[in-house]
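The values are calculated or read from the model by the stated rules, or taken from the named source; none is laboratory data. Keep in mind it's a predicted model, so treat the numbers as computed, not measured. Backbone-built Cβ (ideal geometry, glycine too); neighbour counts: all protein chains shown.
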Amino acid sequence: MLNNVTLQVLLAAILGVVLALALGDSAWLDEPGVVYQAVLLLKSMFLAALRMLIAPLIFFSLIGGICGIGNVIRLRALGGITVIYYLCTTSIAILLGLFVVFFVHPWTQYPPVMEVGELAPGRLLDPNSGPMSGVMGSLASQLLTNPFTALTELNILGIVANAFLIGLAMVLALPQDSPVFTVVNHINLVISRVLGWIIRLLPIGIFAILFDFTIKLSADTGHGQAFLTQLLQFGGVVVLLTLIHGLVVLPGIATLMTGMNPVTLLRKIARPMLVAFSTSSSSATLPVSMRTASEELEVSESVSSFVLPLGATMNMDGTALFEALAAVFLAYLYGIELTNVLIVTIFLMSMVASIGAPGMPSASMAGMQMVLIAVGIPLEAIAILLVIERPLDTIRTAVNVEGDLVGSLVVQSRLR
Ligand code: ASP
């Protein structure tokens, strides 16, 4: 039990809220007592530790990921079509989410729960750029920054663009046995070891963040209730849209591309989807998906052995949809005006974060930080998501796996 970080995080979250409700005093907001000051110190130390690692983590893990994908693709003729399919379905998932939240406005009737105050330090985009040319100009100036400036300024778009270009150039210019690939892999090992140490502190960080959050929220009961309603609505919208993507969009694509009846498809892939639902891990579901692809969907092994493992790490429609919705939700919550630039940023970052997330439970929470910083949402908002994230992970993982299986069908049909 003591080694189970998920359980510890849950207990810490409950403890943070309960202690804040029992001991907290809204007067602390004006004159913080010793206890509250200690909690605030813990909170800022934890967030600083997370922030310390974000730039190198994104930079090197993306280079590593792109080299990995690139080296696999250049060996296989089906690489191009697989990646195009994956990118298209992920884009559809994100657009579905953005389209619905912007046209239905589920959260706008409430005032922002928290104030960002001065812009979060990671916010690098000009919030006032309106027309499309301004949007593109602003995005381009963020994307095309030299890698050192991007890293030191925590310019997420710039870091992603540089990592992408460097990774691509490495795949194209270096021989496959180049030691540079090994160096990048080793750097990633070192960074993830340090990240592991910080993750051990997650329960303390979550405790401090939620303690502070509850004190601020309970200073105004109206806001507290609005927040809970908003959080539940957010969960409902995520579930609904993920189901639409999984039950309508993906089966629709399968029917369109391969002629397979949607109900037959869902029946045939029910088993891996259930495994994904119960494990919350695309990677753990991979053996079952491989079997279903060959036995139920009659996909040849040469296709499934390439498309499914690649999909388990890079194709996550449910995750991308969740990250985009979460970014919009938190932006409303913190009263951040979503300009065109920020909407395009959410689209791009959700895409990159979903590609980068490994197929493990709650894996998308790491990439979520990158989306938050790029939009200017305070990093501590991650604690709000962690409260509701576990149950949502089940459905989004099932849809992630479904996307891979439909991908194997589509790629197979294109090769005929
Ligand atoms: N649990 C997801 C998966 O394995 C990743 C995530 O969204 O956290 O596909």
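Given the options VAL9, VAL39, name the one that is within 15 Å of LYS216 (Cβ to Cβ) and surrounded by 13 or more Cβ atoms within 10 Å (Cβ to Cβ). Break it down into steps so the answer makes sense when it comes.
Working: VAL9 fails: within 15 Å of LYS216 (Cβ to Cβ).
Sole residue among the options that is within 15 Å of LYS216 (Cβ to Cβ) and surrounded by 13 or more Cβ atoms within 10 Å (Cβ to Cβ): VAL39.
From the list THR279, THR221, THR258, THR285, the one residue that fits, being at pLDDT 90 or above, more than 22 Å from the chain's Cα centre (by Cα) and not hydrophobic (A, V, I, L, M, F, W, C), is THR258. The set of residues in region 257-269 that are in contact with a helix residue (DSSP H, G or I) (Cβ under 9 Å, 6 or more places away or on another chain) and without any contact (Cβ under 8 Å) to a residue 40 or more places away in the chain comprises GLY259, ASN261, PRO262, VAL263, LEU266, LYS268.
Looking at region 191-218, which of the residues that are among the charged types (D, E, K, R) and over 22 Å from the mean Cα position of the chain (by Cα) is surrounded by the fewest Cβ atoms within 10 Å (Cβ to Cβ)? Break it down stepwise before answering.
Looking only at region 191-218, we keep the residues that are among the charged types (D, E, K, R), and these are 193, 200, 212, 216.
After this cut, where a residue has to be over 22 Å from the mean Cα position of the chain (by Cα) as well, the list is 212, 216.
Values: ASP212: 24, LYS216: 19.
Only one residue tops the list, namely LYS216.
Annotation: of all residues in region 366-385 being of a type in the set (A, V, I, L, M, F, W, C) and more than 21 Å from PHE227 (Cα to Cα), the one that is surrounded by the most Cβ atoms within 10 Å (Cβ to Cβ) is ALA374.
Take VAL238 and decide whether it is farther than 21 Å from ALA312 by Cβ, in contact with a Leu (Cβ under 9 Å, 6 or more places away or on another chain) and part of a helix (DSSP H, G or I).
Working: farther than 21 Å from ALA312 by Cβ: yes; in contact with a Leu (Cβ under 9 Å, 6 or more places away or on another chain): yes; part of a helix (DSSP H, G or I): yes.
So VAL238 fits the description; yes.
Condition (residue is within 16 Å of GLU380 (Cα to Cα) and either touching a Phe, Trp or Tyr at 6+ places or on another chain (Cβ under 9 Å) or assigned to a helix (DSSP H, G or I) (or both)) applied to region 23-37: is it met by at least one residue? No, there is no match, as no residue in region 23-37 is within 16 Å of GLU380 (Cα to Cα) and either touching a Phe, Trp or Tyr at 6+ places or on another chain (Cβ under 9 Å) or assigned to a helix (DSSP H, G or I) (or both).
Filtering region 248-283 to residues that are away from the ligand (no atom under 16 Å from the Cβ) and within 18 Å of ASN400 (Cβ to Cβ) leaves VAL248, VAL249, PRO251, GLY252, ILE253, ALA254, LEU265, LEU266, LYS268, ALA270, ARG271. Each residue in region 284-300 was checked for being surrounded by fewer than 17 Cβ atoms within 10 Å (Cβ to Cβ) and within 16 Å of the ligand (Cβ to nearest atom), and 1 of them qualify. In region 20-49, what residues are out of contact with any helix residue (DSSP H, G or I) (no Cβ under 6 Å at 6 or more places or on another chain), β-branched (Val, Ile, Thr) and in contact (Cβ under 8 Å) with a residue 12 or more places away in the chain? Correct list: VAL35 only.
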